[in-house]
Amino acid sequence: MTRKLSLSTAALLTASPILWAGNAVVGRLVRAAVPPMTLNLLRWTIALLILLPLGRAAFVKGSGVLANWRRYALLGLLGVGLYNSLQYLALQTSTPINVTLVASGMPVWMMLVGHLFFGVPIRRRQVTGAVLSIAGVLVVLCRGDWQQLAALRLVVGDLYMILATIAWSFYSWLLLQQKDVPALRADWAAFLTAQVGYGVLWSAALAGAEWGTVGVHIAWSWPVVAALTYVAIGPAILAMRCWGAGVMRAGPNIGAFFINLTPLFTALLSSAFLGEPPHLYHALAFLLIVGGIAWSSRAG
């Protein structure tokens with residue numbers, strides 16, 4: 001499931017973490033103005049409206065969008081509904097740096113999901129790398145204080161992000177399942193439109209639950225409008241396009257390595273816009289995670 005990594009594929013897989021780093025920072029900035037589930041619904045509704053004229057092929061008879069509705073509904077749930085909603089929910093109580101560092105454990109979950117549910121073998125070197133990566137995630141969870149880990153003092157936002165990474169791992173492996181009409185698979189806009197269309201329905205259900213339990217008040221302002229525009233175009237459409245193309249070329253395991261670049265970009269953006277400079281334990285966690293994945297990637 002791993003393939004040769006070309007320069008163009010590396011560029012595609014690098015673009016996504018840059019955009020996702022901005023998504024984490026923006027999500028933190030507007031957390032008091034827009035509730036998390038509502039933010040996710042607004043984001044993907046705007047993205048869908050932009051995609052509709054580009055992805056017209058998804059609505060052509062014989063496109064397979066309705067015939068394979070279970071597949072696209074599942075992709076929409078995992079990649080649009082759950083992952084992004086859980087991330088915005090995590091940002092209510094955790095910082096962008098912590099959220100993206102916890103997400104850097106993605107290669108571990110990608111490896112486990114691939115082996116347990118898709119029959120991809122695990123090599124010994126990958127296990128060693130996974131141990132280092134897990135150690136890096138634990139450093140983030142305990143804030144560099146191992147006594148906190150012993151006392152099970154975890155921030156709720158970090159746990160939400162772990163659930164999000166598991167959802168994204170399933171989403172990435174499912175992208176490789178060849179159950180699509182070839183014409184739709186070849187048209188990136190139509191393929192993404194099919195996923196986002198179902199994903200908006202899931203997002204609406206989650207937002208409805210939010211409205212019914214806590215109530216919703218959006219503090220509209222031009223910065224909020226600008227934030228919604230950014231998260232709908234950059235981290236949604238462009239990042240999903242780049243990630244999908246990169247995973248198709250290199251496979252989920254190699255793609256997961258590039259997700260580890262997200263904390264680096266997030267730390268730079270957080271320092272610039274949020275006044276949340278990284279701490280020493282962030283650097284240690286990042287080195288452990290990247291070192292683990294660099295070691296395990298040699299297995300392929």
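Read-outs throughout are calculated quantities, based only on the coordinates presented, and are distinct from any laboratory measurement. If you're wondering where the values come from, they're calculated on a predicted model, not measured in any experiment. Cβ coordinates were reconstructed from backbone atoms using ideal geometry, including for glycine residues, and neighbour counts include every protein chain displayed.
Compute the Rg to Rh ratio over the chain from the alpha carbon atoms, using the Kirkwood formula for Rh, and round to two decimal places.
0.96
Exposure proxy check: L284, L7 ranked by fewest other beta carbons within 10 Å?
L7, L284
With θ taken as phi - 60° and the coefficients 6.51, -1.76 and 1.60, list the Karplus ³J(HN,Hα) couplings across region 254-262 in order, rounded to whole Hz; mark glycine and proline as x.
Per residue, the Karplus-derived 3J(HN,Hα) values read 5, x, 4, 4, 6, 4, 5, 6, 4 Hz.
With n ≥ 4 as the cut-off for DSSP H runs, can you work out [θ] at 222 nm for the chain, using -39500 (n - 2.57) per run divided by the number of residues, rounded to the nearest 500?
The helix-only estimate for the chain comes to -22500 deg cm²/dmol at 222 nm.
For A33 and M248 in one chain, what is 0.36 nm times their gap in residues minus the Cα-Cα distance, to one decimal in nm?
73.7 nm
Could you state, as a whole-number percent, how many of the C-alpha pairs of region 55-94 are farther apart than 14 Å?
Of all Cα-Cα pairs in region 55-94, 60 percent lie more than 14 Å apart.
Within 10 Å of each residue's Cβ, count the other Cβ atoms and sort W173, W295 from fewest upward.
Listing W173, W295 from fewest to most nearby Cβ atoms yields W295, W173.
So which trypsin sites (Lys or Arg not before Pro) in region 1-81 end up in coil per DSSP with only 10 or fewer other C-beta atoms within 10 Å?
Sparse-neighbourhood loop trypsin sites (Lys or Arg not before Pro): K4, K61.
Please arrange V80, V127 by how many other C-beta atoms lie within 10 Å of their C-beta, fewest to most.
Placing the least packed residue first, the sequence is V127, V80.
For a bin width of 5 Å, list the pair-distance distribution of region 209-277 built from all Cα-Cα distances, rounded to whole %.
3, 12, 12, 17, 19, 15, 13, 7, 2
Quick one: 3J(HN,Hα) in Hz for region 213-224, Karplus 6.51/-1.76/1.60 with θ = phi - 60°, rounded, Gly and Pro as x.
9, 10, x, 10, 9, 9, 8, 5, 7, 5, x, 5
Hey, if you put +1 on the Cβ of every Lys and Arg and -1 on every Asp and Glu Cβ in the chain, which of L19, I134, G55 ends up farthest toward the positive end of that dipole?
G55
Give the calculated FRET efficiency between A183 and T128 to the nearest 0.05, with a Förster radius of 45 Å applied to their Cβ-Cβ distance.
0.55
Once you treat every alpha carbon in region 177-300 as an equal point and sum by Debye, what is log10 I(q)/I(0) at q = 0.10, 0.21 Å⁻¹?
Rounded to two decimals, the profile gives -0.53, -1.22.
With each label point set 7 Å from Cα along the Cα-Cβ vector, what nm distance links K61 and L112?
Label-label distance for K61 and L112, simple model: 4.8 nm.
Between region 26-93 and region 96-137, how many Å separate their Cα centres?
So the two Cα centres are separated by 25 Å.
With a sphere of radius 12 Å drawn around the Cβ of L77, what net charge do the other residues whose Cβ falls strictly inside it have (Lys, Arg +1; Asp, Glu -1)?
Once all neighbours under 12 Å are counted, the net charge is +2.
What does the extension gain come out to for L268 and L54, with contour length at 0.36 nm per residue minus their alpha carbon separation? Don't skip to the end; give the middle numbers.
Details: separation 214, 0.36 × 214 = 77.04 nm, distance 3.34 nm.
In short, 73.7 nm is gained.
Read phi for every residue in region 57-72 and hand back ³J(HN,Hα) as whole Hz from Karplus 6.51 cos²θ - 1.76 cosθ + 1.60, θ = phi - 60°, with x for Gly and Pro.
Result, rounded to whole Hz: 4, 5, 9, 6, 4, x, 6, x, 5, 7, 4, 9, 4, 5, 5, 6.
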